[in-house]
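Values in this text are rule-based calculations from the coordinates and carry no lab data. Quick caveat, the model's predicted, so the values are computed rather than measured. All Cβ positions, even for glycine, are placed from backbone atoms using ideal geometry, and neighbour counts span all protein chains on display.
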2 protein chains.
Amino acid sequence: MASMATFIAQTPYPHHSFPKKLHTHFAPTLKLSLRPVSTPKTRQRLRISSGLIEPDGGKLVELFVPESEKTEKKREAATLPRIKLSRIDLEWVHVISEGWSSPLTGFMRESEFLQTLHFNSLRLDDGSFVNMSVPIVLAIDDAQKRQIGESTRVALVDSDNNLIAILNDIEIYKHHKEERIARTWGTTAPGLPYVDEAITNAGNWLIGGDLEVMEPIRYNDGLDRFRLSPAELRDEFTKRNADAVFAFQLRNPVHNGHALLMTDTRRRLLEMGYKNPILLLHPLGGYTKADDVPLTWRMKQHEKVLEDGVLDPETTVVSIFPSPMHYAGPTEVQWHAKARINAGANFYIVGRDPAGMGHPIEKRDLYDADHGKKVLSMAPGLERLNILPFKVAAYDKTQGKMAFFEPSRAQDFIFISGTKMRTLARNKENPPEGFMCPGGWKVLVDYYDSLVPADSGKVPEAVPA
Amino acid sequence: MASMATFIAQTPYPHHSFPKKLHTHFAPTLKLSLRPVSTPKTRQRLRISSGLIEPDGGKLVELFVPESEKTEKKREAATLPRIKLSRIDLEWVHVISEGWSSPLTGFMRESEFLQTLHFNSLRLDDGSFVNMSVPIVLAIDDAQKRQIGESTRVALVDSDNNLIAILNDIEIYKHHKEERIARTWGTTAPGLPYVDEAITNAGNWLIGGDLEVMEPIRYNDGLDRFRLSPAELRDEFTKRNADAVFAFQLRNPVHNGHALLMTDTRRRLLEMGYKNPILLLHPLGGYTKADDVPLTWRMKQHEKVLEDGVLDPETTVVSIFPSPMHYAGPTEVQWHAKARINAGANFYIVGRDPAGMGHPIEKRDLYDADHGKKVLSMAPGLERLNILPFKVAAYDKTQGKMAFFEPSRAQDFIFISGTKMRTLARNKENPPEGFMCPGGWKVLVDYYDSLVPADSGKVPEAVPA
């Protein structure tokens, strides 16, 4: 379940002060994200950077209504049947609209849905394949279907009835939930978080079509400035003269084992002859299950890691990946990798059991820990992406820091479980020095501190690696 | 569930006599199948016929031990750990050994298993894809795994301990049953026939490797002469100067609606400019569920259909497809089509809900009736195959025979359900004249007659279409 085996020493962790700092280490990203929200974006603008990997389908999809057409689109939308979007639906509109799922131009029609379920890939007109492993679909119920009637377009609105987008040339088809779940997760066991949240009670129909999105999606949670689109990330990588971009997907706090891995990856890329490899540190920002550390806390933690100099801000871009989380293991890791191609990454770091979790009703992990990286290396449409499997980092007692595990001197390394780390943070104890930067650890302690009710020791399970 | 909507009139079916006839209408096939079993076959012999579609991977796999090496192989096998094959395992050895699953050269290793589960296709060394949608795997249990130990080869034996094959360069990996079932069937509901028969109680490990098969697989059931290998079928099609081969997969009795469809397909192919389209009428001969009509009865019925002149023996080859049946709908229909490419077919006829069945625990069909043909038309590796969707045949009251349904005069056509047909056959009643040739119908009546216990009306459910 843990995405990286973690070893730490049993020595006490020295106390550090945690001075409040500015977000200076996020500066390059921060600067970028201060662009006005109304920056004009054109639909399906062609973006091919000679230095960066091509987006899937050759051009990066962007689906925003040009400023000059907004008034007209609003007028049109007012006459259309309305579909209210859930939070997860909105996150998918975000994902599609910025081209993370290029070449998709909207919620999937049945042809795309079936190809995704059966082949984890879509065939393009030229006969080539792009990867597409998780269904990006919008469910409606019988009443909504009746309401739509013969209309060929619908308006998509948020919970406050604000117009978000128009869905054009719609196709309505059956939502075969059991089959969708079985083919996406490889199980139909009750208790899969995304299924419980977004499928079980969803409507029995799916509606596909082409999106026209009114404005870039914003959440007004103080983190929008970190939500760079693929186009913005590509601009940033180009500005930095990146000749390699290596993406690190995460949904957990960063410890020094991760940092070691990322630093070492850069070193290896330099050795391979790249002059300026840039790290895309890319926490997932959409729906996560209740016991994951929330995005706001994770972003605070990541910020501290950069402030403390564990990662080099000059060669690191921290940004938020807007996708919701499926916890669908080998199926989902393909989506995580494919989306990063569209953002310009040509190297992808993959660990043990990516996007995995415990089996919801059996005492075992849901997925074979090695299947994720194996499936990723074989996936249709990901041939252009260089897959970098994790090396296992461990706490090396002889060095007093995280290091790559060496089986020949296994006795020098120590494990710590996720449960152990959670317990430490909950009890405001410190892990061994060198496990995580003090600023980052403090954020984690503060998070659990904010949760613990006075009369209960029960806190959600955090997954530290 | 029915592979073709069936309509018949309510008029009584006239009685016919059913003279015993020779198998003369199978003659071309029969003649071929009389070749000595010991016909030398070489492993992975290159078979590219200029007139026929290329096998997957460019060459037809054949995995038989040359006569000159048999003594040595038997000697080697005697020293190896032994795995006893079930009937279904043996059917898969049959399938693999003759190249139906080309380019597979043995039971799947993990890489092939994962690609099959996730992508329904295998990537070849040149980057191209071949279709492969159902796992062809061999399960072993903990004790067998221990017994194999460090051996790199195992001997495969039948239930009487006769040596069937050697499996070389073996790889043993975990049998993740739930995931295999979910991703292959799109459900994990209890009661899937193949799962109950071959997976639930199978071992927790899978063993892959390269097969060397001692002899062509024979069942000594009087039907071996109809079990032509892909190579033999290709020879037959070449001998007949076929410039198009259209395959019809079936596991049920042939009625005149099917016959109309096949005859009409030939007519359309002639119109398209083909000079000599040959029909491969290709009943599935491996494992089927208990309530399907058994192979021996189906073969009798097919024989009568040819005898009665419903199909033209000059342009029809009847042969048995040795694969076991999964009842895995859109996933399995790809396997059915892919295997026929390897036998030389470049046209494949697909009906409603191919390889489908009722949901084991819900009152609905397991698969969307249209998904099979849609998935088939989109499947990676099947691009070279021409998919011919079924036209719906119906009993036309105005003509007193089966005809293609015309929605504009729907009132002229009549339906009959599978249950209705089964009831008629069980009660020794006749269907309307023109629904099925009398000889074929008599076989069906005889089959149900052989089943009905004196004190019970209960018979298995037959699926007539």
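Expressed as an acute angle from 0 to 90° and rounded to the nearest 10, what is the orientation of the C-alpha long axis of helix A:438-451 relative to the principal long axis of chain A? Between helix and principal axis, roughly 60 degrees. Scanning residues 5 or more positions from B:LEU250 or on other chains, those with amide H under 5 Å from its amide H are B:HIS282, B:LEU284, with H placed 1.01 Å from N in the peptide plane.
Taking amide H atoms as placed 1.01 Å from N in the peptide plane, the amide H of B:ALA165 lies under 5 Å from those of B:LEU156, B:MET214, each 5 or more residues away in sequence or on another chain. Helix B:110-119 and the longest principal axis of the C-alpha atoms of chain B enclose an angle of approximately 30°. DSSP bridge analysis restricted to the protein assembly as shown gives an antiparallel fraction near 55%, rounded to the nearest 5. When a/c is below 1.5 the answer is rounded, else prolate if a/b is larger than b/c, else oblate, so apply that to region A:147-247 with a ≥ b ≥ c taken from the square roots of the Cα gyration tensor eigenvalues. In terms of gyration-tensor shape, oblate.
What shape does chain B have by the C-alpha gyration tensor, where a ≥ b ≥ c are the square roots of the eigenvalues, rounded means a/c under 1.5, and otherwise prolate means a/b greater than b/c and oblate the rest? It is prolate, given that a/c is not under 1.5 and a/b is the larger ratio. Would you kindly give the portion of the calculated P(r) for the protein assembly as shown that falls above 43 Å, as a percent of all Cα pairs? It works out to 41 percent of all Cα pairs.
Checking every one of the trypsin sites (Lys or Arg not before Pro) in region A:306-390 against DSSP loop status and a limit of 16 other Cβ atoms within 10 Å picks out A:LYS363, A:ARG364, A:ARG384.
Taking chain A as the reference, fit the longest principal axis to its C-alpha atoms, fit the long axis of helix A:230-239 to the helix C-alpha atoms, and give the angle between the two in degrees, 0 to 90, nearest 10. On a 0 to 90 degree scale, this one is about 50.
Here the Karplus relation 6.51 cos²θ - 1.76 cosθ + 1.60, evaluated at θ = phi - 60°, turns the backbone of region A:337-345 into coupling constants of 6, 4, 4, 6, 4, 5, 8, x, 7 Hz, with x for every Gly and Pro. With an a/c value of 1.5 or above and a/b not larger than b/c for the gyration tensor axes a ≥ b ≥ c computed over the alpha-carbon atoms, region A:82-198 is described as oblate.
Residues in region A:252-257 carry Karplus couplings, in order, of 9, x, 8, 10, 5, x Hz; the curve used is 6.51 cos²θ - 1.76 cosθ + 1.60 with θ = phi - 60°, and Gly or Pro positions show x. For the pair A:GLN147 and A:SER128, label points projected 7 Å from Cα toward Cβ lie 4.1 nm apart. Partners of A:LYS145 within straight-line reach, counting lysines whose Cα lies under 16 Å from its Cα and excluding those fewer than 8 residues away in the same chain: A:LYS84, A:LYS174. Normalising the average separation of contacting C-alpha pairs (under 8 angstrom, six or more residues apart) by the number of residues puts the relative contact order of region A:100-208 at 32 percent. Each residue in A:VAL95, B:VAL245, A:VAL392 was given a count of other beta-carbon atoms within 10 angstrom of its own, and listing them fewest first yields A:VAL392, A:VAL95, B:VAL245. Backbone amide hydrogens, once placed in the peptide plane, bring A:LEU228 within less than 5 Å of A:ILE320, excluding anything fewer than 5 places away on its chain. In the structure shown, the pairs B:LYS363/B:LYS397; B:LYS239/B:LYS374; A:LYS177/B:LYS373 are assessed against 30 Å; a Cα-Cα span above that value is assigned to B:LYS363/B:LYS397; B:LYS239/B:LYS374. Are any of the pairs A:LYS300/A:LYS420; B:LYS73/B:LYS304; B:LYS304/B:LYS391; B:LYS74/B:LYS289 more than 32 Å apart by Cα-Cα distance, and if so, which? Going by Cα-Cα distance, B:LYS73/B:LYS304; B:LYS74/B:LYS289 fall outside the 32 Å limit. Computed over region B:83-136, relative contact order equals 25 percent, with contacts defined as Cα pairs under 8 Å that lie 6+ residues apart.
Across region A:399-408, rounded Karplus estimates of 3J(HN,Hα) from the backbone phi angles (6.51 cos²θ - 1.76 cosθ + 1.60, θ = phi - 60°) give 9, x, 7, 6, 8, 6, 4, 10, x, 5 Hz, Gly and Pro being marked x.
With neighbours defined as other Cβ atoms within 10 Å of a residue's Cβ, the residues A:THR238, B:THR105 order from fewest to most as A:THR238, B:THR105. Computed over region A:289-396, relative contact order equals 24 percent, with contacts defined as Cα pairs under 8 Å that lie 6+ residues apart.
For the residues of A:110-118, the average number of beta carbons from a partner chain within 10 Å of their own beta carbon is 5. Only beta bridges with both residues in region A:67-213 are counted; by DSSP, about 85 percent of them are antiparallel.
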